[in-house]
1. Does C167 meet the test of being outside the structural domain of P240 (by TED's automatic domain parsing) and not in a loop (DSSP other than H, G, I, E, B)?
2. Which ones in region 41-56 are over 26 Å from the mean Cα position of the chain (by Cα) and in contact (Cβ under 8 Å) with a residue 24 or more places away in the chain?
3. In region 19-52, which residue that is at positive phi and touching a strand residue (DSSP E or B) at 6+ places or on another chain (Cβ under 8 Å) is surrounded by the most Cβ atoms within 10 Å (Cβ to Cβ)?
4. Can you tell me which of (1) in contact with a strand residue (DSSP E or B) (Cβ under 6 Å, 6 or more places away or on another chain); (2) in contact (Cβ under 8 Å) with a residue 12 or more places away in the chain; (3) surrounded by fewer than 17 Cβ atoms within 10 Å (Cβ to Cβ) is the one I153 doesn't meet?
5. For region 1-34, enumerate the residues that are over 27 Å from T164 (Cβ atoms) and part of a strand (DSSP E or B).
6. Being in contact with a helix residue (DSSP H, G or I) (Cβ under 8 Å, 6 or more places away or on another chain), of a type in the set (D, E) and either at pLDDT below 85 or not in a helix (DSSP H, G or I) (or both): is that true of E102 here?
7. Residues in region 53-85 that are exposed (fewer than 11 other Cβ atoms within 10 Å of the Cβ) and either at pLDDT 90 or above or closer than 27 Å to M142 by Cα (or both): how many?
8. Report, by residue number, each residue of region 129-146 that is out of contact with any helix residue (DSSP H, G or I) (no Cβ under 6 Å at 6 or more places or on another chain), surrounded by 15 or more Cβ atoms within 10 Å (Cβ to Cβ) and charged (D, E, K, R).
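The values are calculated or read from the model by the stated rules, or taken from the named source; none is laboratory data. None of these values were measured; they are calculated from a predicted model. Counting neighbours? That spans all protein chains shown, and the Cβs are built from the backbone with ideal geometry, glycine included.
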Amino acid sequence: MQPSIYGIRFSKVGKLYHFDAANVPDLKVGEYVVVETSRGRQLGEVIQTVENPPAPPEGTWKAVERKATPGDLLLKQTEAMINCRARASELQIPGVKIVAAEYSYDGSRLTFMFSTETEDKVDLKSLRKDMQKLYPQTQVEMRQIGPRDVAKILGGMGACGLETRCCSKFLTEFSPISIKMAKEQGISLTPTEITGMCGRLRCCLVYEYEQYVAARKELPKRNKRVVTPDGEGKVVDVYPLRNAVMVEFETQEARTRREYSREVLEPWDELEALRRKAEAPCDRHEGGGCDCGKNEKPEKK
């Protein structure tokens, strides 16, 4: 039977996993299906049809068991999360927040996702044991997640005004972000300007970073001297996305500034080097036979 590969996602904004739906006819994007995973049977949403899938990672594709029914979507995850939060409060575990609860489709596994205020490991054996007693028919797990994942699950409005944060709307993976990215784009380093709701550097700092780096390579840096159609000046500001710079001219009367695109600029240091080379006498003048037209070097005393 010819494989029919679909991309399936298990959370609202998560990674896509490929499954073979050859045994499930008329499957459409947007429908929910039941599949077998390494974490038990899971409920997933069909996101896309894969026309030219890569080779399966384990030799064969895992199969889609069947389409989900309305009853499959009624697992009591919210109730489990509330019970776990209440028990954690009773145990007075400091610095721990129960963020969400996630059942596997068949109810055989219940995972509680939690975050902590510090990077230190937290002992939640007693909490897990109590929840295992409360849900004896399932295998209870405690999984720690980072602050970015917490923001992704909770959602909410972004600092830029978007109704849904990027992490909850379309980001499936978190890219490494550094303070250098903000500096390269000329963004204020004030914490409130570059920090997201999760308390980490904003994910959007990486969006235009590569474009800024590429543009800056073609533009002169600040404090470099350049030659413009209006004369020599010093670069005081750089506008990478406009492919332009602000040049300051010093005259006896006052200082003036004008913006120029990269196409009309010439580097002052290169022109100066060419000028000095042109004015320098030829080394072969003393030996004679040179027709370069330059003045001969003065005689040595």
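1. yes
2. As a first pass, look at region 41-56 and keep what is over 26 Å from the mean Cα position of the chain (by Cα): 41-43, 51-52, 55-56.
Passing the criteria: R41, Q42, L43, P56.
3. Of everything passing the filter in region 19-52, G40 is surrounded by the most Cβ atoms within 10 Å (Cβ to Cβ).
4. Result: I153 fails condition (3) only.
5. Listed by number, the residues that qualify are I5, F19, D20, V34.
6. Working: in contact with a helix residue (DSSP H, G or I) (Cβ under 8 Å, 6 or more places away or on another chain): yes; of a type in the set (D, E): yes; either at pLDDT below 85 or not in a helix (DSSP H, G or I) (or both): yes.
Yes, satisfied.
7. Within region 53-85, residues that are exposed (fewer than 11 other Cβ atoms within 10 Å of the Cβ) and either at pLDDT 90 or above or closer than 27 Å to M142 by Cα (or both) number 5.
8. Result: E141, single match.
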